[in-house]
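Engineer: Before we start, here is the structure in question, set down as structure tokens.
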Amino acid sequence: MKISIFAPATIANFSVGFDSLGVALSDIEGSLFGDVVTIEPALETTMHITGSFAHKLPTNPIDNLVVKCSHLFHKQLSERGAPHKKFTLTLEKRMPIGSGLGSSSASVSAALVALNHFYGHPFSDKELLLFAGEMEGAVSGSIHYDNVAPCLFGGLQLIMSDTATCVSLPFFEDWFLVLYHPGIEVPTENARAILPHSLPRTGSIIYWQKLACFIHASHIKDSKLAAQQMHDVLIEPYRATLIPHFDEGREAAMKAGALAFGISGSGPTCFAITESIDAAHLVRDAIVGAMHGTDESFSKICTISKTGARVV
């Protein structure tokens, strides 16, 4: 039985929900914007890496996240007294690392879901989310679920607590998400390290008020009210210093008609929101022209994906 699982790219934080909000992405051009893990029976367990960004990953398979996922999965199986099987795992790495698009989450989620399929679904969705959060913590230094939750389940996810509980929020199906990756890497641990140990009280109050208002707006389906909240006054000022021409990108996007502009996850990818495809193309052109990326920069127009990790 050969199974391939695709896990989508994600935007964590979504400007107003630091470690609390995340959305799954769907490329409007129909490409698999995320990672794919394939598992099939074999005489010996082996690991292979392919894809556009395979060269960015550790050459020693032992250091690969997918291999580490399989070790965690099998540890949990052993605790239940279940036997192990032999298989070949192939990771098609389609996403840049250190991009702020949930690259590690996509690999982790695809691997865990593939293994769960292969073994006949021994673990629940909640358990897979717990495992994925543990793997994310190994990468960034702290357990958080705002990438892995939408990656696993799709849609717009609100993280309810630090015990891997999340809930799907209503989202705006007419929103287009314009992504711009400037072609540089910003490891999550670096983006967390730049944050101060304590945050200003006034900024913190404003930030969490904006999150509350955003959640309210999503439930009453007021897209303009929701977009008005999406200005990160707390975390973004620190992380923006890691992204060349960030201020120019924001200014250009807003002048071109964007409803909001922010940092995807820990960066360096930025995203803007529009309510039409025509506006999305104008905003994308404006951002590309203003942010002057490297030869490895790219842009995409996406919508929020209703589905997360799935068989392809």
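Engineer: Could you run through segment 242-293 and say how many residues are modelled with pLDDT of 95 or more and at positive phi?
Structural biologist: 2
Engineer: While we're looking at this one, here's another question. Looking at HIS55, HIS84, HIS48, HIS71 in this structure, which one is in a strand (DSSP E or B) and in the same structural domain as SER105 (by TED's automatic domain parsing)? Break it down into steps so the answer makes sense when it comes.
Structural biologist: Numbers: HIS55 fails: in a strand (DSSP E or B); HIS84 fails: in a strand (DSSP E or B); HIS71 fails: in a strand (DSSP E or B).
Testing whether each residue is in a strand (DSSP E or B) and in the same structural domain as SER105 (by TED's automatic domain parsing) leaves just HIS48.
Engineer: Also, quick follow-up: Taking only segment 260-286 into account, find how many residues are over 21 Å from the mean Cα position of the chain (by Cα) and closer than 27 Å to CYS151 by Cα.
Structural biologist: The number of residues fulfilling the criteria is 6.
Engineer: Quick test for you: out of LEU65, LEU91, pick the one residue that is of a type outside the set (Gly, Ala, Ser), surrounded by 12 or more Cβ atoms within 10 Å (Cβ to Cβ) and at pLDDT below 95.
Structural biologist: Only one candidate passes the filter, namely LEU65.
Engineer: Give segment 27-62 a look and list any residue that's crowded, with 17+ Cβ neighbours inside 10 Å and among the acidic types (Asp, Glu), or say none.
Structural biologist: ASP27, ASP35
Engineer: Now for a different question. Mind listing whichever residues of segment 30-45 are part of a strand (DSSP E or B) and among the β-branched types (Val, Ile, Thr)? Explain how you work it out, then say what you get.
Structural biologist: Narrowing segment 30-45 to residues part of a strand (DSSP E or B): 34-41.
Passing the criteria: VAL36, VAL37, THR38, ILE39.
Engineer: Determine which single condition TYR180 fails, assuming it passes every other condition in (1) farther than 30 Å from SER297 by Cβ; (2) assigned by TED's automatic domain parsing to the domain that holds HIS245.
Structural biologist: (1)
Engineer: Looking at segment 1-54, which of its residues are charged (D, E, K, R), on the phi < 0 side of the Ramachandran plot and out of contact with any Cys (no Cβ under 6 Å at 6 or more places or on another chain)?
Structural biologist: LYS2, GLU29, ASP35, GLU40, GLU44
Engineer: Next question, about the same structure. Would you point out the residue of segment 219-239, among those that are of a type in the set (Val, Ile, Thr) and touching a residue at least 12 places away in the same chain (Cβ under 8 Å), that is farthest from THR274 (Cα to Cα)? Show your work before the answer.
Structural biologist: In the first step, residues of segment 219-239 are kept if they are of a type in the set (Val, Ile, Thr); the result is 220, 233, 235.
Right, trim to touching a residue at least 12 places away in the same chain (Cβ under 8 Å) and you get 233, 235.
Working: VAL233: 21, ILE235: 23 Å.
Once the filter is applied, the top-ranked residue is ILE235.
Engineer: Right, here's the next one. Does SER78 qualify as being surrounded by fewer than 16 Cβ atoms within 10 Å (Cβ to Cβ) and part of a loop (DSSP other than H, G, I, E, B)? Can you show your working first?
Structural biologist: On the way: surrounded by fewer than 16 Cβ atoms within 10 Å (Cβ to Cβ): yes; part of a loop (DSSP other than H, G, I, E, B): no.
No; evaluated as a whole, the condition is false for this residue.
Engineer: Among the strands (runs of 3 or more DSSP E) confined wholly to segment 99-200, which include 3 or more residues that are among the small types (Gly, Ala, Ser) and closer than 15 Å to GLY34 by Cα? Can you show your working first?
Structural biologist: Numbers: elements: 156-161, 165-169, 176-181.
In segment 99-200, no matching strands (runs of 3 or more DSSP E) lie anywhere.
Engineer: Still on this structure, I have one more. Would you confirm whether or not segment 29-41 contains a residue that is out of contact with any Leu (no Cβ under 8 Å at 6 or more places or on another chain) and aromatic (Phe, Trp, Tyr)?
Structural biologist: Scanning segment 29-41, I find no residue that is out of contact with any Leu (no Cβ under 8 Å at 6 or more places or on another chain) and aromatic (Phe, Trp, Tyr), so the answer is no.
Engineer: Kindly list the number of the only condition in (1) at pLDDT below 95; (2) under 30 Å from GLU296 (Cβ atoms); (3) in contact with a Phe, Trp or Tyr (Cβ under 7 Å, 6 or more places away or on another chain) that fails for VAL186.
Structural biologist: (3)
Engineer: Mind checking whether some residue in segment 118-138 is surrounded by fewer than 18 Cβ atoms within 10 Å (Cβ to Cβ) and under 15 Å from the mean Cα position of the chain (by Cα)?
Structural biologist: Yes, because at least one residue in segment 118-138 is surrounded by fewer than 18 Cβ atoms within 10 Å (Cβ to Cβ) and under 15 Å from the mean Cα position of the chain (by Cα).
The values are calculated or read from the model by the stated rules, or taken from the named source; none is laboratory data. These figures come from a predicted structure and were not determined experimentally. Neighbour counts are summed over all protein chains in view; Cβ atoms, including those assigned to glycine, are modelled from backbone coordinates with ideal geometry.
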